[in-house]
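Let me begin by presenting the structure, written as structure tokens, before commenting on it.
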Amino acid sequence: MMKPGSYYREKYIRNQPSAFCVGCGDGTILNCFVRALEDLAIPQDQVLCVSGIGCSAWIPSPNFNGDTLHTTHGRALAFATGAKIYNSDLTTVVFTGDGDGAGIGGNHLIHAARRNIDITTILVNNMSYAMTGGQIAPTTGYGKRTATSPYGNPEASFDIARLVAAAGATYVARWTTNHVLELTRSIREALQHRGFAFIEVMCQCPTHQRRLLGFRDPVHRLPARILEMFSESTYTRGREPDGYGYLVPVSSPEEALGEAKDVLERLTLGTAIVDHLALGRVVRVESQDQGVWDELTRLSSVDRVAGPIEGKVELGVFLKEDRPEFTQTLRGLHGGMGG
């Protein structure tokens, strides 16, 4: 039987006002986390949550009603490694952000993955250093504007999930805050996995993604718009989409849609103007007919056409394998260690 939200709040959440901005996705991630704990019947006194500095650090500390360790910027995994080695029976979970975990703490991240230590790491990717003002981060997309890249980001961004997989993690997944069932299931798998488990979560941040994405909506409309953009800009591994494509406009999507009106209405094609993380604001056209796309490409207001997965972010579980875990191998070599 499905339990009401009040059950999870009373059992897992400390009673206090939320520190999260209106529309932040961090509360969704906390919700998925406690539901995964409940599904696995993991006692709260056997869980240690570790976080660094940033918005994501507030997911467990002070919201989670259990043991939390709120550490210095970028050092959550270093602290968590020490805690796990001292008491390997603890279910140790690190909450970090893309700035905290992939920027300042990037070195700790790749070495924790290399060691394959039994820690579950949930990295919240909002594409910027959000808590300190929306500065550029290693996951900020090329050309995106932030507080420290007002003319656009000149750098390529990390594919952080694949970076961690290449570094030696044995469970790697990526979801968004718009994929709550998949995310909850993935957290359950990560908690049960013996080794370094890493989940990247693309998360909405209306406070700073307004500038980063060029949105001008009122704040109460931004969360839904960003989540819809996540849906449009991603696809799940093994389920590549087809049957549609995009018109990338020369200037405005409204102009492109207006010029394409005769072609689209004549063929009764489904169309909509949508937000795309990589392509910007574009016209989505439901068609597999190459002749239609050839005709649309010739329109003066259309810069080019794009396929259904161009520029999209792949979601899913990318890696799940067994390899010797660090605390086990450490005790094997140093049999006299306690813990």
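The values are calculated or read from the model by the stated rules, or taken from the named source; none is laboratory data. What you see is a predicted model; the values in this text were computed from it and never measured. Reconstructed Cβ throughout: ideal geometry from the backbone, glycine too, with neighbour counts over all protein chains shown.
Overview of results
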{"read-out": "Test: residue in region 70-90 that is more than 19 Å from the chain's Cα centre (by Cα), within 23 Å of residue 203 (Cβ to Cβ) and either in contact (Cβ under 8 Å) with a residue 60 or more places away in the chain or not assigned by TED's automatic domain parsing to the domain that holds residue 202 (or both)", "value": "no"}
{"read-out": "Residue ID - farthest from residue 121 (Cα to Cα), chosen from residues in region 192-204 that are part of a loop (DSSP other than H, G, I, E, B) and in contact with an Asp or Glu (Cβ under 9 Å, 6 or more places away or on another chain)", "value": "203"}
{"read-out": "Sole exception among (1) surrounded by 21 or more Cβ atoms within 10 Å (Cβ to Cβ); (2) at pLDDT 95 or above for residue 90, by number", "value": "(1)"}
{"read-out": "Candidates 138, 150 - the one that is within 14 Å of the chain's Cα centre (by Cα) and in the same structural domain as residue 26 (by TED's automatic domain parsing)", "value": "138"}
{"read-out": "Selection count, region 171-191, where residues are part of a helix (DSSP H, G or I), surrounded by 24 or more Cβ atoms within 10 Å (Cβ to Cβ) and not hydroxyl-bearing (Ser, Thr, Tyr)", "value": "3"}
{"read-out": "Meets criteria (part of a loop (DSSP other than H, G, I, E, B) and at pLDDT below 95) for residue 329", "value": "no"}
{"read-out": "Subset of region 306-323 [assigned to a loop (DSSP other than H, G, I, E, B) and farther than 16 Å from residue 190 by Cα]", "value": "307, 308, 309, 310, 311, 312"}
{"read-out": "Test: residue in region 200-222 that is crowded, with 24+ Cβ neighbours inside 10 Å, out of contact with any His (no Cβ under 8 Å at 6 or more places or on another chain), of a type in the set (Asp, Glu) and modelled with pLDDT of 95 or more", "value": "yes"}
{"read-out": "Pairs where the first residue, in region 172-184, is more than 15 Å from residue 227 (Cα to Cα) and the second is part of a helix (DSSP H, G or I) and among the acidic types (Asp, Glu), C-beta under 9 Å, 6+ apart", "value": "173/182; 173/189; 184/39"}
{"read-out": "Residue in region 129-145 that is outside any loop (DSSP other than H, G, I, E, B), in contact (Cβ under 8 Å) with a residue 40 or more places away in the chain and under 19 Å from residue 75 (Cβ atoms) present", "value": "yes"}
{"read-out": "Those residues of region 176-200 which are farther than 22 Å from residue 44 by Cβ and either touching a Phe, Trp or Tyr at 6+ places or on another chain (Cβ under 9 Å) or polar (S, T, N, Q) (or both), in sequence order", "value": "176, 177, 178, 179, 182, 195, 196, 198, 200"}
{"read-out": "Leading residue by the ranking (surrounded by the most Cβ atoms within 10 Å (Cβ to Cβ)) among those in region 11-42 that are among the acidic types (Asp, Glu) and more than 20 Å from residue 130 (Cα to Cα)", "value": "38"}
{"read-out": "Residues of region 104-136 classified as acidic (Asp, Glu) and buried (at least 24 other Cβ atoms within 10 Å of the Cβ), total", "value": "0"}
{"read-out": "Residues being of a type in the set (Asp, Glu) and modelled with pLDDT under 95 - total across region 99-126", "value": "1"}
{"read-out": "Criterion: assigned by TED's automatic domain parsing to the domain that holds residue 80, under 18 Å from residue 202 (Cα atoms) and either free of Cβ contacts under 8 Å to residues at least 12 places away in the same chain or of a type outside the set (A, V, I, L, M) (or both) - qualifying residue of 100, 118", "value": "100"}
{"read-out": "Hits in region 43-68 - residues which are of a type in the set (A, V, I, L, M, F, W, C) and surrounded by fewer than 18 Cβ atoms within 10 Å (Cβ to Cβ)", "value": "none"}
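Results for (1) within 13 Å of the chain's Cα centre (by Cα); (2) of a type in the set (S, T, N, Q); (3) at positive phi, shown as yes or no for each residue.
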| residue | (1), (2), (3) |
| --- | --- |
| 164 | no, no, no |
| 171 | no, no, no |
| 196 | no, no, no |
| 207 | no, yes, no |
| 227 | yes, no, no |
| 233 | yes, yes, no |
